[in-house]
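Read the figures in this text as sums done on the coordinates, not as results from a lab. Since the structure is predicted, the reported quantities are computational estimates derived from the model, not experimental observations. Every residue, glycine as well, gets a Cβ built from its backbone with ideal geometry; the counts of neighbours run over all protein chains shown.
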Amino acid sequence: MYAWIAALINGILVGLVYGLAAIGLNLIWGVMKVINLSHGAFIALGMFCAYFIFHFAGINPFLAVILILIVGLILGMISYFIVLHRVLDAPELSTLLSTYSLSLIIIGLGTFIFTTNPRAIDIGLGSIGIGNIYIPITKILTGLFSILFTIVLYVFLYKTWTGKAIRAVSLNRAAAEFMGVNSTFILSLSFGIGVGLAMVAGCLIAAIFPFTILSGAVYELKSFVICVLGGLGSPIGALVGGLILGLLENICALKIPVGYIPFIEFVILVIILLVKPTGLITKR
Amino acid sequence: MTDNILEIESLESGYGEVQILWGINLHVQKSKLTTVIGSNGSGKTTLMKAIMGTLPTWNGKIIFEGIDISRLPPYKRAEQGLIMVPEGRLLFHDMSVYENLEMGAFTKRARAHLKKNLEFVFSLFPRLKERLDQKAGTMSGGERQMVAIGRGLMGSPKLLIFDEPSLGLAPKLVLEVFEAIEKLKKEGVTMLLVEQNVHLSLAISDYGYVMAEGKIKIEGEARDLKENDEVKKTYLGI
Ligand SMILES: Nc1ncnc2c1ncn2[C@@H]1O[C@H](COP(=O)(O)OP(=O)(O)OP(=O)(O)O)[C@@H](O)[C@H]1O
Ligand SMILES: [Mg+2]
């Protein structure tokens with residue numbers, strides 16, 4: 001019984017950060033119809049930023065997260081101009097290849113510099129116990145921060161001029177340009193936000209799970225499953241998709257060896273794509 | 001010093017390698033309604049795209065308020081007050097009517113007049129006021145055209161360009177759109193109107209240009225064009 005409740009709570013908390021990781025992927029797809037294959041690489045980069053900031057400056061990931069968001073935003077905006085801008089209107093294969101090469105460069109350099117040794121951040125905040133269930137405080141903070149970032153993104157997209165311009169560009173780039181929106185800037189900003197959120201998710205995940213430079217790929221796969229669950233192009237759907245995946249993983253882990261879980265996730269991805277390719281949660 | 005707000009000189013443009021516009025000369029006077037007519041495929045939309053900057057200027061000049069804007073990207077031209085209600089309306093279909101209007105006032109210049117312009121749009125199209133929260137994509141064709149015109153007005157246009165505003169509308173709604181344009185004319189809004197509906201557009205315009213094969217064939221006061229034999233034969237079917 002306790003095991004089930006613990007799995008439920010863990011599932012929700014971890015699911016929230018999975019959702020946050022997927023939102024970055026989702027936003028970039030929504031605005032510029034690009035599947036960002038460097039998503040996982042940036043998640044891994046976020047993990048390493050958190051690791052080095054913690055070990056060299058003693059700043060814990062929950063404080064470093066703002067700095068990492070800014071770093072991600074800038075890296076993403078620069079990457080947009082180097083990697084995407086010229087191929088944005090070319091057929092999809094070009095943007096897939098260019099974001100994939102970006103991923104290869106990041107992972108390649110990362111492997112060279114950091115090796116593939118596993119690392120972990122232990123801030124030692126302890127656990128909260130309710131009855132026989134112990135939940136690490138880092139996990140609770142991770143969940144709360146994920147909700148916070150999602151809300152901030154939502155408010156930004158729906159209540160600010162720049163956020164509305166991002167939505168307008170995603171709906172009709174030519175029309176937005178006629179309204180006086182600099183669509184090139186908005187596209188690079190959106191890519192920056194997507195990358196920033198990926199790095200933030202990496203930073204938060206690093207606070208609760210061990211990782212290597214290759215871990216990003218695992219979370220990239222999860223992000224794809226979540227986007228398919230929640231429907232590409234809907235941020236709220238991504239959060240819900242994240243919750244479903246988090247719960248599924250933690251509850252499955254009670255009965256099935258953990259090693260099978262990515263396999264199960266992939267099977268879910270394929271089944272949904274076959275049965276309902278538009279995603280489970282879609283508008284209209 | 002003339003009171004021309006827009007002066008186009010020997011403009012050449014097109015798509016990729018294909019030249020469509022062959023040396024267009026066109027002037028728009030302040031507070032006047034100028035119309036461009038011509039049959040399908042004569043290059044009217046192409047001309048508007050070149051004016052707005054969606055298509056590059058290959059040769060020639062586009063002078064807006066005395067400054068050559070032919071090298072500026074579309075959003076900078078919008079910032080200068082050159083606003084277009086595009087062919088096919090191009091609304092933000094998944095945004096509410098209010099948000100569409102708000103986006104119309106995106107530029108710093110227009111934001112300062114948001115309240116005043118919104119009142120003006122409501123006085124012109126009272127129906128929009130009741131539909132503010134509706135998704136633009138779920139509105140009828142006529143209502144969508146009202147949103148598109150309203151969105152253009154929200155930009156505090158110094159020159160408002162319409163590309164076929166009556167396209168695809170029922171006759172009654174066509175009249176409504178033309179009535180709205182007439183009202184704007186009375187308010188002193190400077191406009192450039194592209195229309196297939198030659199009868200109606202010549203009836204409300206001050207000055208007109210007739211386009212064919214990417215060139216200006218005839219120009220003159222609208223009332224003279226109505227009497228022009230060639231215009232009568234080719235476009236009015238008389
Ligand atoms: N994207 C494009 N690529 C290549 N050629 C184009 C493109 N759009 C239009 N054309 C060509 O340019 C010419 C002028 O088209 P344009 O749309 O300007 O005509 P129009 O006068 O606006 O016609 P309509 O009254 O039907 O709107 C046509 O021959 C058309 O085939
Ligand atoms: Mg046209």
**OP:** Let me have the relative contact order for chain A, percent, based on Cα pairs under 8 Å that are six or more residues apart.
**Re:** 40
**OP:** Using every pair of alpha-carbon atoms in chain B, split the distances into 5 Å bins beginning at 0 and state the percent of pairs per bin, rounded to integers.
**Re:** 1, 7, 14, 18, 20, 17, 12, 7, 3, 0
**OP:** Could you list which residues have their amide H under 5 Å from that of B:TYR209, counting only those 5 or more apart in sequence or on another chain, with H placed in the peptide plane?
**Re:** B:THR35, B:VAL36, B:ILE37
Subject >> Mean residue ellipticity (222 nm) of the protein assembly as shown, computed from DSSP H runs ≥ 4 via -39,500 (n - 2.57), nearest 500 >> reply: -18000 deg cm²/dmol
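Over 28 Å between Cα atoms, which of B:LYS30/B:LYS108; B:LYS61/B:LYS135; B:LYS32/B:LYS116; A:LYS33/B:LYS135; B:LYS49/B:LYS217 qualify? It would help to have the intermediate numbers written out before the result.
Details: B:LYS30/B:LYS108 23 Å; B:LYS61/B:LYS135 39 Å; B:LYS32/B:LYS116 22 Å; A:LYS33/B:LYS135 22 Å; B:LYS49/B:LYS217 20 Å.
Cα-Cα > 28 Å for B:LYS61/B:LYS135; rest within.
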**OP:** At most 12 other Cβ atoms within 10 Å and a DSSP loop assignment: could you name the trypsin sites (Lys or Arg not before Pro) in region B:33-72 that fit?
**Re:** B:ARG71
Original post:
In the neighborhood of B:SER205, defined by Cβ-to-Cβ distances under 13 Å, what is the net charge if each Lys or Arg adds +1 and each Asp or Glu adds -1?
Top reply: -2
Subject >> Average projected area [Cα convex hull, the protein assembly as shown], square nanometres >> reply: 28.9
**OP:** Please identify every one of the GluC sites (Glu not before Pro) in region B:1-51 that sits in a loop by DSSP and has no more than 12 other beta carbons within 10 Å of its own beta carbon.
**Re:** B:GLU17
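Of all DSSP beta bridges in the protein assembly as shown, what percent run antiparallel (nearest 5)?
Rounded to the nearest five, the antiparallel share is 60 percent.
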**OP:** Could you give me the radius of gyration and the Dmax of region A:146-284, taking only the C-alpha atoms into account and expressing both in angstrom?
**Re:** 17.2, 57
Subject >> Relative intensity, log₁₀ I(q)/I(0), of region B:2-48 from a Debye sum that treats every alpha carbon as a point, q = 0.18, 0.33 Å⁻¹ >> reply: -0.62, -1.25
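So what's the projected area for chain A, the Cα convex hull averaged over all directions, in nm²?
On the way: hull surface 62.5 nm².
Dividing the Cα hull surface by four gives the mean projection, 15.6 nm².
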Subject >> Range of Cα positions in region B:33-171 per principal axis (Å), largest first >> reply: 46, 37, 27
**OP:** Read phi for every residue in region A:189-204 and hand back ³J(HN,Hα) as whole Hz from Karplus 6.51 cos²θ - 1.76 cosθ + 1.60, θ = phi - 60°, with x for Gly and Pro.
**Re:** 4, 4, 5, x, 5, x, 5, x, 5, 4, 5, 4, 4, x, 4, 5
Original post:
Counting pairs of Cα atoms in region A:52-171, how many percent are more than 16 Å apart?
Top reply: 77
**OP:** Using only the alpha carbons, work out the radius of gyration and Dmax of region B:99-173 in angstrom.
**Re:** 12.2, 37
**OP:** Arrange the following residues from fewest to most other Cβ atoms within 10 Å of their Cβ: A:THR142, B:THR57.
**Re:** B:THR57, A:THR142
Original post:
What whole number of Å gives the distance from the Cα centroid of region A:1-63 to the Cα centroid of region B:71-93?
Top reply: 39
